[in-house]
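Read-outs throughout are calculated quantities, based only on the coordinates presented, and are distinct from any laboratory measurement. Source: prediction; values computed, not measured. Neighbour counts are summed over all protein chains in view; Cβ atoms, including those assigned to glycine, are modelled from backbone coordinates with ideal geometry.
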Amino acid sequence: MADPTDELNVLREHLERYRGVTLQTLAMVPEEKLAWYPAIAQFSFGQQFFHIAQVEEFYSHGLFDADWDPARLAEPAGRLGREQLQQKLEAARRFTLDRLARLEAARLDAAVTVPNVPVSWPLRSWLWYLVEHEIHHKAQLAVYLRQIGLTPPFFAFVLPPGVRPDLR
């Protein structure tokens with residue numbers, strides 16, 4: 001059995017847990033609201049979910065396979081529905097977790113240069129960046145839900161609908 005405090009296991013647990021909350025958030029957004037955005041020049045609900053998956057695909061393929069295909073950052077061909085967004089989020093996470101399962105912990109210290117980014121960070125930092133990027137956009141989505149009159153799911157764990165230990 002793997003050490004539950006091993007950094008790769010901790011990273012995997014965070015990736016799985018936060019994606020669960022992101023998917024729970026997606027399930028709350030009414031289909032007709034996926035194109036809604038709070039102000040000009042901001043992502044819509046659908047664009048936020050797409051962006052989370054898209055950035056993960058770009059970085060995971062680059063970090064694990066040195067495949068920095070800029071086409072992964074292209075806009076979608078049209079509006080994506082909830083089912084398509086869910087599939088994209090799940091596929092991106094499957095790829096990341098698959099590659100993470102094959103990663104040797106010693107490689108976490110290897111410096112990685114990402115195209116068009118002026119810093120070189122260790123692989124560990126880039127992988128934690130994926131977690132932080134999702135958290136950042138998940139928080140924006142929580143604000144969006146509040147703006148349309150819905151209470152977002154609990155931010156840190158997938159809990160039953162409506163259960164919010166942080167709210168009374």
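For residue 110 and residue 71, a Förster radius of 22 Å and the Cβ-Cβ distance give a FRET efficiency of 0.30, rounded to the nearest 0.05. For the chain, the longest principal axis of the C-alpha atoms and the axis of helix 123-147 are separated by about 0°. With the simple spin-label model, which puts each label point 7 Å out from Cα in the Cβ direction, the residue 129 to residue 164 separation comes to 3.3 nm. In this rough spin-label picture, where each label sits 7 Å from Cα along the Cβ direction, the residue 121-residue 98 distance is 2.5 nm.
Taken about its Cα centre, segment 51-122 carries a charge dipole of roughly 200 debye when the Cβ of each Lys and Arg holds +1 and the Cβ of each Asp and Glu holds -1. In terms of its alpha-carbon gyration tensor, the chain comes out oblate; a/c meets the 1.5 threshold, while b/c is at least as large as a/b. In the chain, the longest principal axis of the Cα atoms and the axis of helix 45-65 are about 10 degrees apart.
Only the Cβ atoms of Lys and Arg (+1) and of Asp and Glu (-1) were treated as charged; on that basis the dipole of the chain about its Cα centre amounts to roughly 560 debye.
Among the GluC sites (Glu not before Pro) in segment 50-154, those placed in a DSSP loop whose Cβ has at most 15 other Cβ atoms within 10 Å are 104. On the beta carbon distance between residue 36 and residue 87, with R0 = 22 Å, the FRET formula returns roughly 0.55.
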